[in-house]
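Okay, structure first, notes after.
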Amino acid sequence: MAFQRWQIGLDIQNGLLCALGIERRRHGWQLRHWWQQPLPHDTLRNGVLQTTPLLQEMLTRWQRHLPKRYSLRVGLPPQLVLQRTLPLPASSLSEPAMRRYVASSAQRLFPVEPASLSIDYRAAGDASQLCITAARREVIAQWLAPLQASGLRPDVFELSSLALTQIAMRMPRQQNRLLIHPLCDHWLWTLTGEQTTSGAGTDPLSLAQLRETFPQASSIFCTAPQRLSGPGVMRCLPLSLLQYRQPPLPADEGEFSIALGLALRPEDA
């Protein structure tokens, strides 16, 4: 166990910062660390992180409490990221040929000059396709700046909505489960089923509007029941997915849903 490392999710939103670290044990995951701080409501502008002395000081102080070995995963707002699917080539490709194939396809996939994009890819749910994710390099640089200045070493930037999907997929099995995560300025959602999907909404929805928007949802869970309540809405308790938890625990564990989803994200191959 001496060579274990923490997997850490960092979720920065307008109004709130949440971080959570877990470590793999023989029979599941152990909660090793959680941290929460209030933030100004203009910390993100159009999804872009604004570096301020307050944020810099917070991150620097937090970094001092982390172990030497960790994998840091940082959530990105969905509006900053473009996603497309790309069919796998007829013949099997290994690296670096696969990366060249993705790069050569980027120009027709995205309406942006490929040189201005940071591009990542992974196997899609359909084994015959790749999921291609792209974000502007200048935006990634703005997110990286305060993290690196604080001595933090991010391994991965991941969509916050996909981090929520990691939570939904690990909940007790139930087809067509809708999971809602309300934030102060938008809502994230994920719908699990044969075709799992996720996304973000700019405005809160009533229960009736949710049922109209997602008629296929057989159940609705919410990480913040004070923001969405009504008949049939169940509370999501994300920390119940961890086998080892030791008090003190967060007063409102739903606020850590994105951070936990980032921490649980499988390692890249």
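The values are calculated or read from the model by the stated rules, or taken from the named source; none is laboratory data. It should be emphasised that the depicted structure is a prediction, and the values quoted were computed from it without experimental measurement. Because the Cβ atoms are built from the backbone with ideal geometry, glycine has one as well, and the counts that use them run over all protein chains shown. Note: accessible area is taken over every heavy atom of the protein model, side chains too, but ligands, DNA and RNA are not part of it. Shrake-Rupley method; radii C 1.70, N 1.55, O 1.52, S 1.80 Å.
Which values of log₁₀ I(q)/I(0), to two decimal places, follow from the Debye formula for the range 206-269 at q = 0.28 Å⁻¹ with a uniform point scatterer at every Cα? Normalising to I(0) and taking log10 leaves -1.21.
In the context of the full protein assembly, PHE221 retains an accessible surface of approximately 30 Å², using a probe radius of 1.4 Å and ignoring ligands and nucleic acids.
What is the antiparallel percent of DSSP beta bridges lying wholly in the range 181-254, to the nearest 5? Walk me through the numbers on the way to the answer.
On the way: 7 of 10 bridges.
So the antiparallel bridges amount to about 70 percent of the total.
Counting pairs of alpha carbon atoms under 8 Å apart in space and at least six apart in sequence, what relative contact order in percent does the chain give? About 22 percent, as a whole number. Note on LEU16 and TYR101: their simple-model spin labels are 4.2 nm apart, each label 7 Å out from Cα toward Cβ.
Taking the Cα of LEU249, stepping 7 Å toward and past its beta carbon, and measuring to each backbone N in the range 212-241: which are under 13 Å? Label zone hits: 236-241.
The listed peptides 37-44, 130-137, 80-87, ordered by packing as a protection proxy, come out as 130-137, 80-87, 37-44 (highest mean of other Cβ atoms within 10 Å first). For the range 1-136, the relative contact order works out to 21 percent when only alpha carbon pairs closer than 8 Å and six or more residues apart are counted.
Relative to the 2.2 N^0.38 Å rule of thumb, the range 160-202 has a C-alpha radius of gyration ratio of 1.08. Here the Debye sum runs over all C-alpha atoms of the chain as equal scatterers in vacuum, and log10 of I(q)/I(0) at q = 0.13, 0.14 Å⁻¹ comes out as -0.93, -1.08.
Would you calculate, for the chain, the mean residue ellipticity at 222 nm contributed by helices, counting each DSSP H stretch of 4 or more residues as -39,500 (n - 2.57) and dividing by all residues, to the nearest 500? Can you show the working numbers first?
Numbers: 6 runs with 63 residues, N = 269.
One gets -7000 deg cm²/dmol as the mean residue ellipticity at 222 nm.
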